[in-house]
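One structure is given below, encoded as structure tokens.
The values are calculated or read from the model by the stated rules, or taken from the named source; none is laboratory data. The structure presented is a predicted model; accordingly, all values stated were derived computationally and were not measured. For neighbour counting, all protein chains shown are included, and Cβ atoms are generated from backbone atoms with ideal geometry for every residue, glycine included. Heavy atoms of the whole protein, side chains included, go into the accessibility calculation; ligands, DNA and RNA do not. Shrake-Rupley method; radii C 1.70, N 1.55, O 1.52, S 1.80 Å.
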Amino acid sequence: MLDNIDLSQTFNIAIMGRGNTGKSSLMNALLKLSRREALEVTKVGIQTHLTKDFVIQKFFNDDVYLIDTPPIHNEYFEIHKIVNIINDIDLIILVIDGYPVYGHKYIFQKLSIYKSNIFVVLNGMDKWDNCFFDWINYTVSQWANYLNVDKIYLTCTRGYNPTENSPKMDIRGVDLLRQDINNFINEKIRQKQTNVLEQLSVKVEINNKKKEILKLKYPKKTIYPLEFQWALKSCTNTAHKSYEITLKYSNTIKYIIQNLISSLDKKISISNQYKNKELEKSFDKVISAIKQILNKDIDELKLSLAKKKQNLEDYSIVLFGRTRAGKSTIREALTNGDGNTIGKGGQRTTRDVHEYRWNDLRLIDTPGIEAYGGEKDTDKAINKVDEADMVLFLTSDDSVQPGEFEEMARLTKINKPFIVLLNVKAKLETEAQLNRFLTKPEKTFNEERLSGHHHHIQKYVSEHLHIDQVQIIDIQARAGFLSNLPEYKQYKSELWKLSQLDQVYSVIEQDIYNNGNERRASTFFDGTKKFIEKIKNQLSNIQKDIDSQLNLLQIKEKEVKKLFADFMKDTDRKIDSKIKIIFSQFKQEIPAFIEYSVSNRDAKEQWKAKENRLKNKLEESIKIIFQATIKELKEKLSEFEQEYSYDTENIKFNINFDNFDKGIFGNVLKGLGVILGAIGAGVIIFNPAAWVISAGFAVGNMIFNFFSDKVKDDEKRKFNQQKENTKNEILIKVNNQEKELISKLKKEVKSRLQEIEKDILSPLELSRKELSFINQQICIAEQEIKTQLNNLKNDYELIQQSFNN
């Protein structure tokens, strides 16, 4: 229905939204149609998709159109019919209903990319008539917050649906909406008239030299071909000089890293000296991972300079941007192509890097962002950006998205100047579309609409690249491509001019003339600096990772020492307690034995039997003590091993070790399980029988069998005195034996526990020494690289001074 209408000459209002929201009914209500008239204009019903094409009606006067559009569902927005006429739409009325859902927000966000003038209308306000008081106002506030808008119109369009039983018409809120639309149209007309007057005024002031003109650092001047060729030749000389200087630094950094790797390789491993195979394997892995990372970085630095060496004669510009933005169309336009690569953004053909000549420049076309097949394709594009002296970042007015600028943020790390090209898309297939574009280009390059896109671009650039201002050039890539085709020969010059690609070249030409030498030097110096800083940061991150390991090892060493110190105290206390209890029982029997059994003929045998019982009891008790000690120690060490393994497994690395085992440092205690098993097999070898009473507690023979009924009283007194003395002597000997045995047991247990502690501390201490050595070597290399970076900076400043001179 729009084929025969030139929307570029009128003020156009589009009613848009999801299906079944009342768009067609709202259009009928705004036009003040009766029920019968409405049925002739639009098909209204409860079934969605009834409006399958545009319905257009004059509104207010002959210069204003009201357009009913097909519903927008969850399809890809950019293929909806509305996109074909969106450039000619001056006001959008977005119809929503019910409660906030994402489908409406999706449409609002998409439309906001194209247009800033959107009236949001919540239709069907009669649904809230029977709800609680003020519930509808709550719903409106919810919608306003959800869509982040200041105003939402409330309307009712009941009565236009032929399926409704009630013929009563209810169009509340429609008159207010119609009035605000009329006010909006009048305001836009006034603004347009004011702008025309202001432009005329500005022209007069400029002509009369009454307006102050902002002066650029380098005022634009006409650059003659010979001047431009001289500028390019100067850039080539700068490239050769910069390459020679940066190559020297590349070789120096390579030498520093080779020395570092050599020192790590040649060092006789501390772990090898102590025959600790687990440590040897662990540190072989650590050093291998470090070598892998650093060698990869050195290779990247060498490759970067090698690529730049191949194009020392060329001033290189890279084209970077998302898929379907028009990069292939630009390539076809600039190379007089036949268009066979246009529209293949998702195919492999445009996922490769292409290079071609643009007048005297080397232009590099990279894969579109969405065409990247992972990090490899992304790196491919970024590497090409590293080779270039300038970046053209292409986006399009049909979808300016933050995601593409997140990728652009990676350019800030490469430190490249760039220009944003905004490809303003327009349908140029039919003769009517082509004539409209040629006669009314201002409709395509609509200043108000494009200013919204420029605002979004500046906002994204500020957020992701932290740059306040970036130069944005509006282009029409397809016009440039069509200008080269034979069938468009009669429009060739007009199409090429409107493509504005010459303006892009002119901006680049001016920049090369004014800043070309600095750009070329920056490509080498900043590129080399970036790779060297990456190596330095890698070393710094490795140091941080090793420091975290060293801290962990120190903590674990303290924990081990405390574990054994506490365990020894606890074991000493148990030995004291158990042995003293047994001896206490034995000592309680001595007085009775001396009193009643010493004079018996078999007293010696009785005493010997008592000694043997004590020995057996001590042996059994010591055996139980040792077994309990072994069991408890194994449990404590097993718990410690688990904690250590957990700590090492959950280390957060600052650096990405490819194929790196995060538990690698946990291997220093890999032998702990062997130690634990050995403890049970007899690392603590106790022989209780050899430690108990070796000489016995001798009772004087003079009192055995000495007693008889016939002894005299004084002899009895002697005898009793002798018994008392013997009892005291035995008790002294027993006490001494008790102390000696406890001391001997404690000393032996301490000695064996210290051996185990040493076996466990040994790998921890060795690991700490090994890691400290690695860190020491890395620190030396890092300081040397830091010195080289300072020297590189000084050389760059010298070459910059030569440009100024």
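Heavy-atom accessible area with a 1.4 Å probe sorts Trp496, Trp135, Trp128, Trp143, largest first, into Trp135, Trp496, Trp128, Trp143. Note that the range 776-791 has calculated 3J(HN,Hα) couplings of 4, 5, 5, 4, 4, 5, 5, 5, 5, 5, 4, 4, 5, 5, 5, 5 Hz, one per residue in order, obtained from phi through the Karplus relation 6.51 cos²θ - 1.76 cosθ + 1.60 (θ = phi - 60°); glycine and proline are x. Treating r as the C-beta distance of Gln471 and Lys81 and R0 as 51 Å, the FRET efficiency rounds to 0.90. Placing +1 on the Cβ of each Lys and Arg and -1 on the Cβ of each Asp and Glu in the range 588-629, which of Phe593, Thr629, Ala603 has its Cα farthest towards the positive end of the resulting dipole? Result: Thr629. Full extension of the chain between Glu620 and Asp576 yields a length gain of 14.3 nm, computed as 0.36 nm times the residue separation minus the alpha carbon distance.
For the listed residue pairs Lys384/Lys786; Lys266/Lys562; Lys285/Lys307; Lys580/Lys631; Lys561/Lys631, the alpha carbons are over 29 angstrom apart in Lys266/Lys562; Lys285/Lys307. Computed from label points 7 Å out along Cα-Cβ, the spacing between Asn183 and Cys779 is 7.3 nm.
The label point for Thr222 and the one for Ser645, both projected 7 Å from the Cα toward the Cβ, are 8.3 nm apart.
Rounded to the nearest 0.05, the FRET efficiency derived from the C-beta distance between Lys786 and Glu557 at R0 = 22 Å is 0.10. With the largest listed first and rounded to whole Å, the semi-axes of the equivalent ellipsoid of the range 56-141 from the Cα gyration tensor are 27, 18, 11. Going by accessible surface with a 1.4 Å probe and the largest first, Ser25, Ser462 read Ser462, Ser25. Packing here is the average count of other Cβ atoms within 10 Å per residue, and on that basis the peptides 153-160, 258-265, highest first, run 153-160, 258-265.
Between Lys266 and Asp6, residue separation times 0.36 nm minus the direct Cα-Cα distance comes to 85.5 nm.
If R0 equals 30 Å, the separation of the Cβ atoms of Leu550 and Lys530 corresponds to a calculated FRET efficiency of about 0.50. Subtracting the Cα-Cα distance of Lys733 and Ser116 from their residue separation scaled by 0.36 nm leaves 211.5 nm. Working from label points 7 Å from Cα in the Cα-to-Cβ sense, the Asp175 to Asp63 distance is 2.7 nm.
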